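Asks: One structure follows; several queries about it will come next.
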Amino acid sequence: MAIRRDHSREIARVKKRIIPLSEASPHCKILIYGRNGKGKTRIAASGPKTLLLDVNEEGTKSVREYPGHAYKIKQFMQLDWVYWYLREGDHPYETVVIDTLTQAQKMCMRHVLGEAEDRDPNRPPSLPDRRAWGQMTELMRPVIFNYRNLPMHVVFVCQERVDRGSDEEEESGEVRPRIVPDLSPGLRADAMAAVEIMGRVYRRPVRRGKGKKATTIWETRMLVGDHEDYETKDRTGQLGYIVKRPTMKLMIEASGNHTEDE
């Protein structure tokens with residue numbers, strides 16, 4: 001006969017951690033993606049008291065006039081070190097940006113392949129097999145969810161690519177190509193599930209002024225509404241379909257105004 005355990009301590013701990021929905025985390029979790037040079041880093045760096053993790057992007061030149069700080073990630077394990085630093089809470093930051101998650105995935109794969117080559121010197125270099133992709137996903141998954149769970153605003157920046165689906169889907173004609181964050185399928189699903197706002201950043205020419213004085217400027221926009229060709233999401237229900245001149249302030253305010261009834 002199984003011995004019955006006393007679960008009173010565990011039950012007491014559960015009771016202490018149950019809170020009203022109105023007291024849920026006020027922090028915004030975001031994924032933004034797009035082609036190079038469209039303003040992704042500038043949007044991400046516009047958050048309050050930002051720490052930008054530059055993962056082989058050298059994108060900090062576009063935000064040199066912004067307040068905040070940058071940290072260059074040169075090896076995969078540094079992402080873990082920064083996470084533990086931020087988790088300790090003894091820091092001045094309210095926003096953390098991984099720029100980009102696409103490059104973090106590539107860095108992780110190099111880490112996996114390097115370990116594989118150490119174990120097998122005869123292995124052809126830089127040729128990831130299914131096992132390597134699986135190991136990379138298992139290493140990257142905690143990065144996404146650990147950062148997402150930090151008590152601060154979190155922004156994942158990604159490059160974009162065309163997802164054409166599987167060969168079987170293409171042949172059947174059931175799936176049309178979509179523009180998605182440039183991550184492996186499994187990791188992309190994790191990143192998309194981890195955030196409440198996911199937007200595709202692009203630029204569009206806009207005419208300002210009238211007559212001969214009219215000029216054309218390139219305006220940054222972000223698609224967050226449902227679209228057949230792009231992966232997007234807005235759980236807040238506050239941002240509309242397209243956000244013109246998006247900023248972190250806009251998205252943080254939308255997250256704060258979100259209610260469970262919407």
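The values are calculated or read from the model by the stated rules, or taken from the named source; none is laboratory data. Please read all numbers here as calculations on a predicted model, not as lab measurements. A quick note on method: Cβ atoms are made from the backbone with ideal geometry, for glycine too, and the neighbour counts reach across all protein chains shown.
Asks: Which of the residues belonging to segment 36-61 are over 29 Å from Gly114 (Cβ atoms), loosely packed, with under 15 Cβ neighbours inside 10 Å and either of a type in the set (A, V, I, L, M) or in contact (Cβ under 8 Å) with a residue 12 or more places away in the chain (or both)?
Replies: Pro48
Asks: If you don't mind, another one. If you take the residues in segment 83-94 that are assigned to a helix (DSSP H, G or I) and surrounded by 13 or more Cβ atoms within 10 Å (Cβ to Cβ), which one is nearest to the chain's Cα centre (by Cα)?
Replies: Tyr83
Asks: So which of Arg176, Arg188, Arg148, Arg164 is of a type in the set (D, E, K, R), at pLDDT 90 or above and surrounded by fewer than 20 Cβ atoms within 10 Å (Cβ to Cβ)?
Replies: Sole residue among the options that is of a type in the set (D, E, K, R), at pLDDT 90 or above and surrounded by fewer than 20 Cβ atoms within 10 Å (Cβ to Cβ): Arg148.
Asks: Among the residues of segment 65-82, which ones are part of a loop (DSSP other than H, G, I, E, B) and either over 20 Å from Ala45 (Cα atoms) or not acidic (Asp, Glu) (or both)?
Replies: If the condition is that a residue be part of a loop (DSSP other than H, G, I, E, B) and either over 20 Å from Ala45 (Cα atoms) or not acidic (Asp, Glu) (or both), then Tyr66, Pro67, Gly68, Lys74, Gln75, Phe76 are the ones that fit.
Asks: Are any of the residues in segment 175-190 over 29 Å from Pro26 (Cβ atoms), within 20 Å of the chain's Cα centre (by Cα) and assigned to a loop (DSSP other than H, G, I, E, B)?
Replies: Yes, that holds for at least one residue.
Asks: Another question, then. Given the criterion of a type in the set (Ser, Thr, Tyr), in contact (Cβ under 8 Å) with a residue 40 or more places away in the chain and closer than 23 Å to Ser255 by Cβ, identify the matching residue among Tyr66, Tyr93.
Replies: Tyr93
Asks: Is it the case, given these coordinates, that Val224 is closer than 16 Å to Val157 by Cβ, in contact (Cβ under 8 Å) with a residue 60 or more places away in the chain and not hydroxyl-bearing (Ser, Thr, Tyr)?
Replies: no
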